[in-house]
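In what follows, a structure is listed as structure tokens, so that the remarks can point back to it.
The values are calculated or read from the model by the stated rules, or taken from the named source; none is laboratory data. Everything numeric here is computed off the predicted structure, so don't read it as measured data. Please note: Cβ atoms are built from the backbone with ideal geometry, for glycine as well, and neighbour counts cover all protein chains shown.
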Amino acid sequence: MAVGTQALFNNTGSANLAVGFRTLFFNTTGHNLTGIGAGALYKNTTGIFNTAIGAGALNSNTTGAFNTAIGDSALLSNTTASGNTATGYQALTSNSVGGIENVANGYQALFHNTSGHFNTAVGYQALFSNIGNIGGAANTAIGDKALFNNISGSGITAIGFGALFLNTNSDNTAIGFDALLNNTTGFNNIALGAQAGQNITIENNNIDIGNFGVSGDSDTIRVGSTQTSTFIAGIFGQASAGGATVFRK
């Protein structure tokens, strides 16, 4: 079914719906397609099971399949990549060939991603800079501008506004407002709590829970702030070298 000037213009495929100016214009044998909005799925030829709602959504897609784009210019540049879901204005707009099985939900989420894959971005400009030419895979960013600056780091989890905002390296986990905010090249760090680990920049293998962390730390665990009391069930009177005794309550 076609509604709009030159919608489904070249179509021979089946079970397609095109609503809008030149929607699904180049489609030939692609089937089970839904395009709503001017230029949605404009270049699709043989791609199947794609859904595009919004002006320019999945505009450049040719053979990519099983993609969903909702929002103006969502998945705009996608050509052959498959299995992506983009919801929001310009979400995954730069995704092209190798960027498969990504989920972007939010304004410009995963905006620069081209070939990064298996990423999940939820929030305003989450994983904004992720490209994926070298890495940039298997990342999870939930929160406005979470993992904003990440380009090729992989295996990262950032939950919270601004979490791991400046991050460029891999295998970091930050949960909380601005957690690990200033980390750039540090890796294998874990931060839990608002602004936890915010003093970590290039250090590695740290765990900061409710603590800002200390610049220069590596292979260090810091729990709580000044004057924090710690009670651990099953441990009594055991002191580490140079440390205070931990008592069982």
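Please verify whether residue 133 is crowded, with 24+ Cβ neighbours inside 10 Å and within 16 Å of residue 81 (Cβ to Cβ), treating the condition exactly as stated.
no
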Inset, instruction - Taking residue 183 as the residue in question, decide whether it is under 23 Å from the mean Cα position of the chain (by Cα) and surrounded by 23 or more Cβ atoms within 10 Å (Cβ to Cβ). - result: yes
Inset, instruction - Kindly state which strands (runs of 3 or more DSSP E) lie completely within segment 125-227 and contain at least 1 residues that are touching a residue at least 12 places away in the same chain (Cβ under 8 Å), touching a strand residue (DSSP E or B) at 6+ places or on another chain (Cβ under 9 Å) and within 28 Å of residue 113 (Cα to Cα). - result: 140-142, 157-159, 173-175, 190-192
Legend entry - Identity of the residue in segment 72-96, touching a strand residue (DSSP E or B) at 6+ places or on another chain (Cβ under 9 Å) and either surrounded by fewer than 24 Cβ atoms within 10 Å (Cβ to Cβ) or among the aliphatic types (A, V, I, L, M) (or both), that ends up farthest from residue 119 (Cα to Cα): 76
Legend entry - For residue 109: the one exception among (1) under 8 Å from the mean Cα position of the chain (by Cα); (2) within 14 Å of residue 167 (Cβ to Cβ): (2)
Legend entry - Identity of the residue in segment 200-215, touching an Asp or Glu at 6+ places or on another chain (Cβ under 8 Å) and of a type outside the set (Gly, Ala, Ser), that ends up surrounded by the most Cβ atoms within 10 Å (Cβ to Cβ): 200
Legend entry - Residue that is on the phi < 0 side of the Ramachandran plot, assigned by the TED database to the domain that holds residue 26, among the aliphatic types (A, V, I, L, M) and in a loop (DSSP other than H, G, I, E, B), where the choices are 76, 92: 76
Inset, instruction - Taking the options 75, 110, name whichever one is in contact (Cβ under 8 Å) with a residue 24 or more places away in the chain and among the aliphatic types (A, V, I, L, M). - result: 110
